[in-house]
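K.L.:
To start, I am sharing the structure in question, which I have written as C-alpha cells.
Every number here is computed from the coordinates shown, using simple stated rules; none is lab data. Computed from a prediction, not measured in an experiment: that's the story for all the values here. Because the Cβ atoms are built from the backbone with ideal geometry, glycine has one as well, and the counts that use them run over all protein chains shown.
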Amino acid sequence: MRRLPSVLIVEDEPAIAELISVNLRHSGFRPIWAMDSATAQAELDAVLPDVILLDWMLPGESGLTLAKRWRSHSRTKVIPIIMLTARADELDRVAGLDAGADDYIAKPFSTKELLARIRAVLRRRAPEQDVAVVTLGQLSLDAATYRVTFAGLPVKLGPTEFKLLHYLMTHAERVHSRSQLLDQVWGDHVFIEERTVDVHVKRLREAMGVQAAAMIETVRGAGYRLTVQGQCSGPVAA
Ligand code: CA
C-alpha cells in the first residue's frame, strides 16, 4: 500500500485549517491539524510529517519562532516548511525565508496554488519520489541501488548489515528482540544463534561511524532499536 504524504497544518483559524484539510485530502495527502505551537510540537515529537504548513500569526509562539526552532533541530530540519501569512511585504518574506522556510505564500491564496507549492517542495526534497529510499534524520538508505549515506557521506555495508539496517530503518523507534530480528532479517534461523545478531549489529555500528551508530540503541534485556533521537547533532567527526 502506498503511504499518503502527510502535511502538518499549524493554523489557529479553524475555517482556514478545514479548507486546507479538505483540499489536501481530495488531492491524496493526509492532513494533520495543530491549532497552536504546543500541539504542533507534540505532533512533531510523535511522527514527522512530510511537509509543514506554518501560519505566521499564531497565539503564543509565532510561526517564525517555530520555523527557526525546527530548522535548528537535527530531527526536524529536513522537513520542508511553507509559511502562510497575511503579511505580504518584502521584508516579512525575507524574514520568513531567513528563518528557514522553504517557501512562503500570502493569504488569501488559492488552494490550487498551495497544492502546487506543496508538490514543489516535496519534489525538491526527494527528486525521485521512490519508496525504495528510506531517510531517518541524516541517515538515508536506497534499497534499489544498495546505497547508504549518513550526512551525505557513503556508508559501506555488507549484505547482512544492509538488510539489518533496512529492517531497522523501516521499523524505527521500536525495540526488536534478537529472535524477532533473526526471523525478519535472516528468515529461517533454526541453526543460527541469537548471538549472531549481536555480531552483525557490532559490524553495522563500526561501518556506520560513531555519529550514525548512536542511532542504534541496545535496550538491555530487550534487544535493539533504531532511533532518530539517538543521533548526535554535533559536527561530523573526521
Ligand atoms: Ca493565524
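K.L.:
Who wins for biggest fluctuation among Phe150, Phe162, Phe109 in a Gaussian network model of the chain, springs between alpha carbons below 10 Å?
P.N.:
Phe109
K.L.:
Another one. Counting Lys +1, Arg +1, Asp -1, Glu -1, what net charge surrounds Arg174 among other residues with beta carbon under 15 Å of its beta carbon?
P.N.:
-1
K.L.:
Give me log10 I(q)/I(0) at q = 0.20, 0.22, 0.23 Å⁻¹ for the stretch 133-230, Debye formula, one equal scatterer per alpha-carbon, no solvent.
P.N.:
One equal scatterer on each Cα of the stretch 133-230 leads to -0.96, -1.17, -1.28.
K.L.:
Please give me the summed charge of the neighbours of Glu217: other residues whose Cβ is under 12 Å from its Cβ, Lys and Arg +1, Asp and Glu -1.
P.N.:
+3
K.L.:
Gaussian network model of the chain, Cα springs within a sub-10 Å range: biggest mean-square fluctuation belongs to which of Ala67, Ala143, Ala15?
P.N.:
Ala15
K.L.:
Only bridges whose two residues both fall in the stretch 6-129 count here: according to DSSP, what percent of them are antiparallel, nearest 5?
P.N.:
0 percent
K.L.:
Additional query: Of all DSSP beta bridges in the chain, what percent run antiparallel (nearest 5)?
P.N.:
50 percent
K.L.:
Only counting other Cβ atoms within 10 Å, I'd like Leu153, Leu58, Leu204 sorted with the fewest neighbours first.
P.N.:
Leu153, Leu58, Leu204
K.L.:
Now a separate question. Normalised by the number of residues in the stretch 6-129, what is the relative contact order in percent for Cα pairs under 8 Å and 6+ residues apart?
P.N.:
22 percent
K.L.:
Also, quick follow-up: Using only the alpha carbon atoms of the chain, find the Kirkwood hydrodynamic radius as the inverse mean reciprocal pair distance, in angstroms to one decimal.
P.N.:
One decimal place: 19.6 Å for the Kirkwood radius.
K.L.:
Got the relative contact order for the chain handy, in percent, Cα pairs under 8 Å and 6 or more residues apart?
P.N.:
12 percent
K.L.:
Determine the relative contact order of the stretch 133-230: mean sequence separation of Cα pairs under 8 Å and six or more apart, normalised by residue count, in whole percent.
P.N.:
It comes to 28 percent, rounded to a whole number.
K.L.:
Right, here's the next one. Pick from Val133, Val22, Val197: which is most flexible by mean-square fluctuation in a GNM of the chain where alpha carbon atoms under 10 Å apart are linked?
P.N.:
Judging by the Gaussian network model, the answer is Val22.
K.L.:
Let me ask something else. Using the count of nearby Cβ atoms within 10 Å as a rough guide to exposure, how do Met208, Met215, Met83, Met57 rank from fewest to most?
P.N.:
Fewest-to-most ranking of Met208, Met215, Met83, Met57: Met57, Met208, Met215, Met83.
K.L.:
With +1 on the Cβ of every Lys and Arg and -1 on the Cβ of every Asp and Glu, and nothing else charged, how large is the dipole of the stretch 133-230 about its Cα centre, in debye rounded to the nearest 20?
P.N.:
For this selection, approximately 200 debye.
K.L.:
Still on this structure: Note the angle between two axes, namely the Cα long axis of helix 111-125 and the longest principal axis of the Cα atoms of the chain, as a number of degrees from 0 to 90, rounded to the nearest 10.
P.N.:
It is inclined by approximately 30 degrees.
K.L.:
Can you list the lysines whose alpha carbon sits under 19 Å from that of Lys77, skipping same-chain ones fewer than 8 residues off?
P.N.:
Within the straight-line limit of under 19 Å, Lys77 reaches these lysines: Lys68.
K.L.:
Fewest first, what order do Val210, Val121, Val175 take by the number of other Cβ atoms within 10 Å?
P.N.:
Val210, Val175, Val121
K.L.:
Which lysines have a Cα lying under 22 Å from the Cα of Lys163, excluding residues fewer than 8 positions away in the same chain?
P.N.:
Lys202
K.L.:
Oh, and also: Let's see if you can work this out: charge +1 on each Lys and Arg Cβ, -1 on each Asp and Glu Cβ, no other charges. What is the dipole magnitude of the chain about its Cα centre, in debye to the nearest 20?
P.N.:
Once rounded to the nearest 20, the dipole reads 620 debye.
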